[in-house]
Amino acid sequence: MATAAPSLPLRPTSSAAPPFRVLPGFNLTLGYTLGYLSLIVLIPLAAVFLKTAELTLAEFWNVVTAPRVVASYKLSFGMSLLAAAINAVFGLMLAWALVRYSFPGKKLIDALVDLPFALPTAVAGISLTALYARNGWLGQFLEPLGIQVAFKPLGVLVALVFIGLPFVVRTVQPILEDLDTELEEAATSLGAQRWQTFRHVILPIVFPALLTGFALAFARAVGEYGSVIFIAGNIPMVSEITPLMIITKLEQYDYTGATAIATVMLILSFTLLLVINGLQAWTASVPKPRTGRDR
Amino acid sequence: MAGATTLRLGAAADFGQTRFEARAATRETPLVKWLILGTALTFFAVFLLMPLIAVFVEALRKGWETYATALIDPDALSALRLTLLAAAIALPLNLVFGVAAAWAIAKFEFRGKHFLITLIDLPFSVSPVIAGLIYVLVFGAQGWFGQWLSEHDIKIIFAVPGIVLATVFVTFPFIARELIPLMQAQGKEEEEAAVVLGANGLQTFWYVTLPNIKWGLLYGVILTNARAMGEFGAVSVVSGHIRGQTNTLPLHVEILYNEYQFAAAFAVASLLALLALVTLGIKTWIEHRAAAAYRHSQDDAS
């Protein structure tokens with residue numbers, strides 16, 4: 001484009017001419033989309049990076065590697081990974097049960113799996129705290145065993161398992177539903193044990209979706225705030241999550257400090273978003289072996 | 001990020017027994033089956049069912065009178081009004097955006113489309129706390145427009161506009177993410193036919209597109225509404241927690257809880273839990289209707 005001759009083109013080139021569109025409204029809707037997106041999301045998000053840029057690299061490094069902040073990364077990332085892993089195992093089992101077995105109350109349970117999406121996080125937070133407190137329904141049995149959940153790092157884990165569960169179930173479930181039963185029949189007729197069939201036939205098909213669900217649950221857990229702060233106890237160096245560190249800095253009017261930590265979290269979130277997009281493309285591209293007689 | 005909340009068309013009906021359990025090759029031994037089922041249901045009961053039931057039990061622990069008192073408390077009512085207001089503003093804004101974005105992305109080809117979809121997804125991957133922080137950086141006292149706003153006596157942060165903005169941000173992608181795949185799958189032949197036959201843009205959308213996307217649209221609206229009324233982290237950052245003025249219902253729950261008024265906190269929380277249950281009910285109903293409509297259209301086609 002930059003090297004185009006200044007002479008008048010004799011005929012419009014295909015790249016220069018706007019493509020002919022039958023449907024109206026392209027410029028209006030795309031313009032509105034970009035404008036609204038910029039105003040609500042992009043420009044305010046850019047503020048985080050611009051504010052951080054006011055710090056020198058050394059100052060930035062000091063803020064984001066302060067011992068209390070590093071302890072919060074360890075807790076947030078460690079517990080989020082663990083929670084996503086727990087959800088991957090039990091979420092797969094739950095999705096399997098919902099797709100393959102018939103049992104009373106199945107439809108109700110299927111609908112309630114989305115509860116963590118619909119239940120406000122603050123409600124989940126106080127409810128989980130009540131359950132796992134010393135005199136709570138579950139806490140009273142765990143306490144004598146020496147297991148303390150509420151106001152301990154374990155409480156963070158419980159809250160993160162709660163909010164992450166639907167991500168795994170809802171990504172794995174459709175793949176299990178679409179699974180062709182004839183693949184398993186073929187495996188069985190070739191002499192495979194049930195476990196071998198699962199391990200070598202079913203799991204490879206489900207795996208990309210399972211990994212996507214894991215990543216979605218992890219991404220959600222790292223940023224989660226409402227359900228965690230009630231049950232965590234928020235003890236410095238022990239049970240403070242990274243989003244709470246941002247709040248703490250804000251309450252001390254340390255805006256640059258809060259923003260520096262937010263920058264670290266945003267970079268991680270954007271990386272995860274790219275990874276998840278890649279995983280979803282992989283899930284969609286995994287060939288679903290069909291054996292002719294589709295349902 | 002939204003993958004887990006998207007309405008699936010043609011979702012399999014209850015084939016469980018006939019498809020899998022009837023044949024030896026696709027079922028487990030009874031022992032393994034009951035082990036999986038037992039583990040899955042125990043996990044469900046402990047992590048999802050018990051927290052839900054606990055909300056209502058704790059709310060009624062001190063009797064109906066305490067429960068009712070907590071709900072008709074003036075601060076609770078003002079929190080309810082603000083919650084409804086924030087949702088009532090965020091919902092139409094994101095509805096118009098969702099429809100516009102889906103129309104541009106699904107009906108036209110242009111460069112950078114995938115990148116645009118990723119950008120629309122951004123609010124899902126940002127921590128709610130950061131969602132609040134960004135508006136503090138823009139409109140707060142030390143923010144970009146802080147000086148100008150205070151000179152003109154306009155309050156956004158620690159006031160209602162900030163709460164509305166944070167709510168708009170966290171619910172930003174829901175409707176767009178619901179409509180984009182749906183409208184992409186439906187193609188544009190029907191709309192093109194309408195335009196060729198002389199319909200204008202609005203008529204085409206109203207009479208051709210809207211009937212095709214109504215279930216997806218409703219689905220997105222329900223999810224947006226639930227999130228808008230329940231958002232805690234983002235709203236907490238911009239609210240300032242001024243009782244009776246900048247408190248939403250979830251923030252009111254927090255204040256009551258931190259003041260050790262547990263029964264009252266759970267009473268207000270039970271209202272939000274009820275909203276969640278109604279949301280899930282409507283959501284399930286939409287899934288059934290959408291699946292039925294999809295099967296109907298498949299029958300017509302064959």
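What to note about this one:
- The set of residues from the range B:277-289 being in contact (Cβ under 8 Å) with a residue 60 or more places away in the chain and either in contact with a Leu (Cβ under 6 Å, 6 or more places away or on another chain) or of a type outside the set (A, V, I, L, M, F, W, C) (or both) comprises B:K283, B:I286, B:E287, B:R289.
- Here B:F266 passes the criteria (1) at pLDDT 95 or above; (2) out of contact with any Asp or Glu (no Cβ under 7 Å at 6 or more places or on another chain) except the one numbered (2).
- Selected residue (only one of B:N225, B:N247 is under 15 Å from the mean Cα position of the chain (by Cα), over 19 Å from A:V228 (Cβ atoms) and more than 9 Å from every other protein chain (Cβ to nearest Cβ)): B:N225
- Exactly one residue out of A:A95, A:A85 is modelled with pLDDT of 95 or more, within 11 Å of chain B (Cβ to nearest Cβ) and either within 22 Å of the chain's Cα centre (by Cα) or in a helix (DSSP H, G or I) (or both), and it is A:A95.
- For the range B:103-135, the set of residues classified as among the β-branched types (V, I, T) and either more than 7 Å from every other protein chain (Cβ to nearest Cβ) or in contact with a strand residue (DSSP E or B) (Cβ under 7 Å, 6 or more places away or on another chain) (or both) consists of B:I105, B:I117, listed by residue number.
- Listing of helices (runs of 4 or more DSSP H) fully contained in the range A:192-295 that carry 3 or more residues being more than 21 Å from A:A71 (Cβ to Cβ): A:194-197, A:203-223, A:255-285
- Test: residue in the range A:218-226 that is within 10 Å of chain B (Cβ to nearest Cβ), farther than 26 Å from B:T29 by Cα, small (G, A, S) and surrounded by fewer than 22 Cβ atoms within 10 Å (Cβ to Cβ): no
- Residue selected from the range B:90-124 under the condition in contact with a Phe, Trp or Tyr (Cβ under 7 Å, 6 or more places away or on another chain) and in contact (Cβ under 8 Å) with a residue 60 or more places away in the chain, by the criterion surrounded by the fewest Cβ atoms within 10 Å (Cβ to Cβ): B:F97
- Taken over the range A:106-148, the criterion of being more than 7 Å from chain B (Cβ to nearest Cβ) and of a type in the set (F, W, Y) is satisfied by A:Y132, A:F141.
- Out of A:F103, A:F77, A:F90, A:F151, sole residue that is facing another protein chain (nearest Cβ under 8 Å), of a type outside the set (V, I, T) and touching a residue at least 12 places away in the same chain (Cβ under 8 Å): A:F90
- Taken as a whole, the condition of being among the small types (G, A, S) and more than 20 Å from A:A215 (Cβ to Cβ) applies to A:A66.
- Helices (runs of 4 or more DSSP H) completely within the range B:233-302 that count 1 or more residues being surrounded by fewer than 16 Cβ atoms within 10 Å (Cβ to Cβ): B:249-258, B:262-301
- Test: residue in the range A:250-267 that is surrounded by 20 or more Cβ atoms within 10 Å (Cβ to Cβ) and without any contact (Cβ under 8 Å) to a residue 12 or more places away in the chain: yes
The values are calculated or read from the model by the stated rules, or taken from the named source; none is laboratory data. Model, not experiment: these values are computed from the prediction. So basically every Cβ, Gly included, is an ideal-geometry build from the backbone, and we count neighbours across all protein chains shown.
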